[in-house]
Amino acid sequence: MKRKAIVIVLTLALAGATLVIVQMRRHGFSARENPSWLEAAIARRLRNFAIPASAKKMTNPYPFTDARWRSARDHFIAHCAVCHGPDGRGDTPIGRNLYPKVPNLTGAGTQQLTDGELYYIISNGVRFTGMPAWGDEDRPESIWELVAFIRRLPHLSSEEREQMEKLFESRERGKEGEAIETHTHGPEAQPHQH
Ligand code: HEC
């Protein structure tokens, strides 16, 4: 009986490995493809399954005030919008070209996650995807602010969305300005502008 179980497990593992190799040979390792619905569903289930039960149950200890809203918004624009977009919908040059693509944070998939799951994902990132871990960069308080902020994303007024887009654009323009002011073409070249 035990031997039978081992044979079944080995056969399944071999079949899984063969499937991955066939997929890689057929599609290469380009990030331009979309994961199949099966791959996306399995990856998501595994990820959510790997979040410890104690983390899933965590609740936000901080009340969401206007001051926290502003601080989370500026934080999101500075660290997250480059991939997730200023409105969290993920329609950015990086977001749509990652594998897997960044999810739409206003959609049901994200909004169905518990506060604890959102906190865990933001703190620890998601392995094998573009989602970085922020736990060493940001204080727990500012990660909880981001969790509350993500909950608000589906209900933004059009003025709030516009304001966030403007903040993001002016930040991006600022960065370009900096890059133009300081860039060089080689170790010996002086920094210059074109
Ligand atoms: C370099 C790109 C990148 C940056 C920057 C980034 N993310 Fe992500 N994020 C991703 C990707 C890719 C995923 C999808 C991970 C997956 O498929 O499991 C993701 C997933 C998430 C999720 C899970 C949503 C879901 O439905 O699975 C949350 C929440 C999240 N990010 C929040 C943030 C926050 C908050 C920040 C800023 C502090 C941030 N991200 C910065 C790329 C990024």
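Of the residues making up segment 70-109, those that are part of a loop (DSSP other than H, G, I, E, B) and β-branched (Val, Ile, Thr) number 4. When Gly28 is tested against (1) closer than 22 Å to Thr92 by Cα; (2) exposed (fewer than 11 other Cβ atoms within 10 Å of the Cβ), just one condition goes unmet, and that condition is (1). Looking only at segment 85-130, residues that are over 22 Å from Ser142 (Cβ atoms), open to solvent by less than 60 Å² (accessible area, probe 1.4 Å) and more than 10 Å from the ligand (Cβ to nearest atom) come to 0 in all. Scanning segment 65-84 for residues that are near the ligand (Cβ under 8 Å from one of its atoms) and over 13 Å from the mean Cα position of the chain (by Cα) turns up at least one hit.
Checking each residue of segment 38-55 against the condition of being out of contact with any Phe, Trp or Tyr (no Cβ under 9 Å at 6 or more places or on another chain) and either on the phi > 0 side of the Ramachandran plot or β-branched (Val, Ile, Thr) (or both) gives at least one match. Would you confirm, using the coordinates I've provided, whether Leu12 is under 22 Å from Gly116 (Cα atoms), open to solvent by 60 Å² or more (accessible area, probe 1.4 Å) and either in a helix (DSSP H, G or I) or touching a Ser or Thr at 6+ places or on another chain (Cβ under 6 Å) (or both)? It is false that Leu12 is under 22 Å from Gly116 (Cα atoms), open to solvent by 60 Å² or more (accessible area, probe 1.4 Å) and either in a helix (DSSP H, G or I) or touching a Ser or Thr at 6+ places or on another chain (Cβ under 6 Å) (or both). Of the residues examined, Phe149 is not one that is more than 12 Å from the ligand (Cβ to nearest atom), surrounded by 14 or more Cβ atoms within 10 Å (Cβ to Cβ) and either in a helix (DSSP H, G or I) or free of Cβ contacts under 8 Å to residues at least 40 places away in the same chain (or both).
A count restricted to segment 131-140 and to residues that are open to solvent by 50 Å² or more (accessible area, probe 1.4 Å), more than 6 Å from the ligand (Cβ to nearest atom) and of a type outside the set (A, V, I, L, M, F, W, C) stands at 4.
The values are calculated or read from the model by the stated rules, or taken from the named source; none is laboratory data. What you see is a predicted model; the values in this text were computed from it and never measured. Quick reminder, even Gly has a Cβ in these numbers, built from the backbone with ideal geometry, and neighbours come from all protein chains shown. Just the protein is used for accessible areas: all its heavy atoms, side chains included, with ligands, DNA and RNA removed. Shrake-Rupley method; radii C 1.70, N 1.55, O 1.52, S 1.80 Å.
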